[in-house]
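Notes follow once the structure below has been shown.
The values are calculated or read from the model by the stated rules, or taken from the named source; none is laboratory data. Being a predicted model, the structure only gives us computed values, none of them experimental. Counting neighbours? That spans all protein chains shown, and the Cβs are built from the backbone with ideal geometry, glycine included. These accessible areas exclude ligands, DNA and RNA; they are computed on the full protein's heavy atoms, side chains included. Shrake-Rupley method; radii C 1.70, N 1.55, O 1.52, S 1.80 Å.
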Amino acid sequence: MTNKGKLKQSIEKDINKIENYNQIIEKINKPAFNWKYVLVPVCLILIVSLFILNSNKSAKNSLNYNMATKLDGEIIINEIASSTASEMEGLTSNEKLEEQEIIEPFSMNNVYIPEDLKTKKTYVVYNNDNKISYYVINYSNNNRYLNITYSKEKYSKYSSMEKNGESSFINDTEVKIFASNNKFITISSYKDYNYVIETLNLEQDELLMFLRSYFI
Amino acid sequence: MASNLNLSKFNEIYNQTYLDTLKYVVIKCHNINDVNDIMQEIYFELWKILNKKEITDTNLKSFLWGIANYKIKKHYSLLQRIKAISLEEENMEGIPLKDMVASSVNINDLVIKKDDWDNIWSYLKKKKNQDIPKIFYLYYQSDVSLKEIASLLNVNISYVKHLLYRTLHELQETFGKGG
């Protein structure tokens with residue numbers, strides 16, 4: 001056998017496909033974590049946290065923010081009232097939308113988009129002075145969509161919401177994720193662009209997979 | 001125990017994607033000694049997602065690479081990531097061409113004292129400059145060209161050649177007859 005063959009053999013012995021597979025199967029078959037031993041202390045911590053957060057809250061503002069729920073380790077989902085989410089929808093009175101081809105800031109080739117969102121459209125939003133406010137990439141099907149809105153300037157409509165939301169980090173990019181019923185709104189800045197990513201009827205996993213593959 | 005249907009789908013995906021995912025992890029990891037752990041974490045995460053929802057084949061690669069990016073970032077503390085931006089002498093990208101090893105070396109021409117390639121691979125993996133084992137893995141294990149390795153590691157090709165040939169010389173001196 002050649003030296004190259006011998007080196008390959010050593011590498012395969014070290015980074016071994018079957019051995020890795022066996023380790024994964026062992027993890028899969030491990031008995032599920034027994035929650036009963038942590039449920040009581042976790043509940044106590046949650047109750048105390050709720051109490052502390054509520055007692056620190058200032059007078060209610062018109063946007064009705066609720067407590068942020070920490071999920072999935074590092075990811076924080078800020079719950080907002082459905083009225084707030086509805087207010088954020090659609091264009092303001094001094095905006096107009098035109099379907100146009102746009103130059104996307106980054107290639108979408110390796111970005112995760114849910115398979116069923118087959119329809120892709122791109123738009124430009126203009127203000128009353130006919131200047132470009134922002135761009136929109138929309139993926140949709142009948143009752144689900146993913147909107148990627150981006151511009152060099154921050155979108156002022158979301159500034160209050162963004163100020164009050166708690167941050168998460170996706171691959172070192174700071175994001176603020178808001179949720180209401182069947183919608184997610186994610187606000188972030190990444191490589192010179194400001195983003196607002198809106199989804200309808202996407203699961204949290206799908207949103208996170210998209211964010212992790214986009215903000216790399 | 002894992003349900004048979006999901007396990008069969010998982011096995012299919014694992015076999016289909018293992019090599020590409022491994023290559024991606026080798027390129028992106030900070031230390032090649034972590035590759036096994038990271039690969040296990042990636043596919044365990046895939047298993048968890050597979051149990052929650054259907055995954056189609058067309059976006060499988062980007063889906064897995066999304067998980068890979070997340071797991072790699074999570075695997076390393078901020079301190080480790082800062083350290084990986086190397087200012088040490090082993091990282092010699094951009095050194096003048098005249099200082100490069102003049103002649104290329106063929107690995108098959110090395111005369112190794114003991115046929116101990118397991119030790120040689122361990123030696124390579126312990127290098128301070130982790131580009132070295134990455135280059136050896138990509139060049140000899142994955143049969144990637146030097147030009148493509150340079151592009152994947154985001155370095156110039158002379159750097160790749162220098163590390164490869166210099167290390168081959170070093171292996172000859174350390175493990176070869178008379179070494």
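Of the residues making up the range B:58-80, those that are surrounded by 12 or more Cβ atoms within 10 Å (Cβ to Cβ), modelled with pLDDT under 80 and more than 7 Å from every other protein chain (Cβ to nearest Cβ) number 4.
Residue count for the range B:109-159 under the criterion of being of a type in the set (V, I, T), closer than 17 Å to B:T174 by Cα and not in a loop (DSSP other than H, G, I, E, B): the result is 3. Applying the criterion of being open to solvent by 70 Å² or more (accessible area, probe 1.4 Å) and at pLDDT 80 or above to the residues of the range A:80-102, the residue that is nearest to the other protein chains (Cβ to nearest Cβ) is A:E101.
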